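**Student:** Got a structure for you, questions after.
The values are calculated or read from the model by the stated rules, or taken from the named source; none is laboratory data. None of the values given here were measured: they were computed from a predicted structure. Please note: Cβ atoms are built from the backbone with ideal geometry, for glycine as well, and neighbour counts cover all protein chains shown. For the accessible areas, the whole protein counts, side chains as well, though only heavy atoms, and no ligand, DNA or RNA atoms are used. Shrake-Rupley method; radii C 1.70, N 1.55, O 1.52, S 1.80 Å.
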Amino acid sequence: MSKEPVAVTGVGQTKHVAARRDVSLAGLVREAARQALDDAELTWADIDAVVIGKAPDFFEGVMMPELYLADALGAVGKPMLRVHTAGSVGGSTALVAANLVAARVHSTVLTLAFEKQSESNAMWGLSLPIPFQQPLLAGAGGFFAPHVRAYMRRSGAPDTVGSLVAYKDRRNALKNPYAHLHEHDITLAKVQASPMLWDPIRYSETCPSSDGACAMVLTDRAGAARSPRPPAWMLGGAMRSEPTLFAGKDFVSPQAGKDCAADVYRQAGITDPRRDIDAVEMYVPFSWYEPMWLENLGFAEEGEGWKLTEAGVTELDGDLPVNMSGGVLSTNPIGASGMIRFAEAALQVRGQAGEHQVDGARRVLGHAYGGGSQFFSMWLVGAQAPDS
């Protein structure tokens, strides 16, 4: 029996900010869920199951919060699943929900991811000792900076590429009312003059710490037929993982990322990603990861990704727009960051992305990664159903 086609008929997210002190965790997630239901014109009673995801519980100090969030999400007496795959969890959560629909276990599923970083200190929460290495790093940037330097040496990329990405994404964020950072006075010179945190990563080339949540309503073909607005159809989705450390691991372009993308492309019938995909919402917490992931995902040959960035290909009006919403560089409620990429991809093919809409976007890739460049989740969504 073939899989049931999966459609996104509702998308909701909070306004992402540094601190939402006006709401609890329950209030935060309910706000995003309510928006998604309103977008789909459904009620809590229409939802068969809830799939929720977030980053490590010690980020907020509330263990297994899904147990007390069931009431806020209309999940009392219904199946509720929790997903966790580090930073990629938002994407993985959406894929678990999508698979429940594809397998015809449930007809309509609410999926949601969140983080309330203001109630934690993720910087030091992520300053974990790495086996066989000196404990000199602080935060995720300290872990990833050596990989960026390795990419620069390998590709010969000039040291200005990171600032070009950050300048682009922060300008895109000005067109997204939900984005955390709205830097109206942003200039390339300001990005390049910002303090160096982890060489070569500057302050303005890093992601913020955000409070926020994102939700989607996923449904089957019958549910999509009742949708008041055009749905986004899942054309392919996959997850891949690899260890943090192993002999021969390529931190610059992890094999798990390549394998995950290849699986998604195979499912969707994509033979040339650069030609067949219209835009990408990519998980870029530090600006240099745009050119690195362009290569890992097959949009550029090895060592050539930075040239696409430098040539303006990834600009909002470029040939392959990347992070039209402002991306993780502008909004980062860690647990939700991957789902925001998936949801923004869906908004693009539904024609509902507002000022950051890409004209004629028909196939858009959503991408998330987490851990030590080891957990990957991706989906490709389209404006037409898979068999259309």
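**Student:** Restricting attention to the stretch 127-170, which residues are at pLDDT below 75 and either open to solvent by 70 Å² or more (accessible area, probe 1.4 Å) or part of a helix (DSSP H, G or I) (or both)?
**Tutor:** Matches in the stretch 127-170: LEU128, PRO129, PRO131, PHE132, GLN133, GLN134, PRO135, LEU136.
**Student:** Considering only the stretch 25-44, I want to know if a residue exists there that is open to solvent by 50 Å² or more (accessible area, probe 1.4 Å), in contact (Cβ under 8 Å) with a residue 60 or more places away in the chain and within 14 Å of ALA213 (Cα to Cα).
**Tutor:** So far as the stretch 25-44 goes, yes, one or more of its residues are open to solvent by 50 Å² or more (accessible area, probe 1.4 Å), in contact (Cβ under 8 Å) with a residue 60 or more places away in the chain and within 14 Å of ALA213 (Cα to Cα).
**Student:** Among the residues of the stretch 3-20, is there at least one that is in a helix (DSSP H, G or I) and open to solvent by 10 Å² or more (accessible area, probe 1.4 Å)?
**Tutor:** no
**Student:** Could you grab the pairs with beta carbons closer than 6 Å, sequence gap of 6+ or different chains, first residue in the stretch 157-180 and more than 21 Å from GLU295 (Cβ to Cβ) and charged (D, E, K, R), second one open to solvent by 30 Å² or more (accessible area, probe 1.4 Å) and assigned to a helix (DSSP H, G or I)?
**Tutor:** Pairs that qualify, where the first residue is more than 21 Å from GLU295 (Cβ to Cβ) and charged (D, E, K, R) and the partner is open to solvent by 30 Å² or more (accessible area, probe 1.4 Å) and assigned to a helix (DSSP H, G or I), are LYS175/GLU355.
One line per residue, one yes/no per condition, for (1) at positive phi; (2) part of a strand (DSSP E or B):
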site	(1), (2)
GLY318	no, no
GLY326	yes, no
LEU329	no, no
ALA336	no, no
LEU347	no, no
GLU355	no, no
ALA361	no, no
ALA368	no, yes
SER373	yes, no
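**Student:** So, one more: Here are the criteria: (1) farther than 25 Å from ALA103 by Cα; (2) free of Cβ contacts under 8 Å to residues at least 60 places away in the same chain; (3) open to solvent by 50 Å² or more (accessible area, probe 1.4 Å). Tell me which single one LYS249 does not satisfy.
**Tutor:** Evaluating LYS249 over (1) farther than 25 Å from ALA103 by Cα; (2) free of Cβ contacts under 8 Å to residues at least 60 places away in the same chain; (3) open to solvent by 50 Å² or more (accessible area, probe 1.4 Å) leaves (3) as the failure.
**Student:** Do we have ARG226 as of a type in the set (D, E, K, R), under 30 Å from ALA33 (Cβ atoms) and modelled with pLDDT of 95 or more here? Let's see the steps before the verdict.
**Tutor:** Values: of a type in the set (D, E, K, R): yes; under 30 Å from ALA33 (Cβ atoms): yes; modelled with pLDDT of 95 or more: yes.
Yes; evaluated as a whole, the condition is true for this residue.
**Student:** Let me ask another. List the number of the failed condition for GLY90; all other conditions in (1) out of contact with any Cys (no Cβ under 8 Å at 6 or more places or on another chain); (2) crowded, with 24+ Cβ neighbours inside 10 Å hold.
**Tutor:** For GLY90, the failing item is (1).
**Student:** Within the stretch 1-47, which residues are within 24 Å of PRO65 (Cβ to Cβ), within 21 Å of the chain's Cα centre (by Cα) and polar (S, T, N, Q)?
**Tutor:** Listed by number, the residues that qualify are GLN13, THR14, GLN35.
**Student:** With (1) open to solvent by 10 Å² or more (accessible area, probe 1.4 Å); (2) at pLDDT 95 or above; (3) not in a strand (DSSP E or B) as the list, and SER209 as the residue in question, which single condition is left unmet?
**Tutor:** SER209 satisfies all of (1) open to solvent by 10 Å² or more (accessible area, probe 1.4 Å); (2) at pLDDT 95 or above; (3) not in a strand (DSSP E or B) except (2).
**Student:** Then there's this: Being open to solvent by 50 Å² or more (accessible area, probe 1.4 Å) and in contact (Cβ under 8 Å) with a residue 40 or more places away in the chain narrows it down to one residue among PRO285, PRO228; which is it? Break it down stepwise before answering.
**Tutor:** Working: PRO285 fails: open to solvent by 50 Å² or more (accessible area, probe 1.4 Å).
Only one candidate qualifies: PRO228.
**Student:** Out of everything in the stretch 290-316 that is among the β-branched types (Val, Ile, Thr) and part of a loop (DSSP other than H, G, I, E, B), what residue ends up being surrounded by the fewest Cβ atoms within 10 Å (Cβ to Cβ)?
**Tutor:** Checked the stretch 290-316; the qualifying residue surrounded by the fewest Cβ atoms within 10 Å (Cβ to Cβ) is VAL313.
**Student:** Next up: Tell me yes or no: at least one residue of the stretch 182-191 is modelled with pLDDT of 95 or more, charged (D, E, K, R), over 13 Å from LEU329 (Cα atoms) and assigned to a loop (DSSP other than H, G, I, E, B).
**Tutor:** So far as the stretch 182-191 goes, yes, one or more of its residues are modelled with pLDDT of 95 or more, charged (D, E, K, R), over 13 Å from LEU329 (Cα atoms) and assigned to a loop (DSSP other than H, G, I, E, B).
**Student:** Quick check, is LEU174 of a type outside the set (D, E, K, R) and open to solvent by 50 Å² or more (accessible area, probe 1.4 Å)?
**Tutor:** Values: of a type outside the set (D, E, K, R): yes; open to solvent by 50 Å² or more (accessible area, probe 1.4 Å): yes.
Spelling it out, LEU174 is indeed of a type outside the set (D, E, K, R) and open to solvent by 50 Å² or more (accessible area, probe 1.4 Å).
**Student:** Looking only at residues that are without any contact (Cβ under 8 Å) to a residue 40 or more places away in the chain and assigned to a strand (DSSP E or B) in the stretch 45-84, which one is least open to solvent (accessible area, probe 1.4 Å)?
**Tutor:** It comes out as VAL83.
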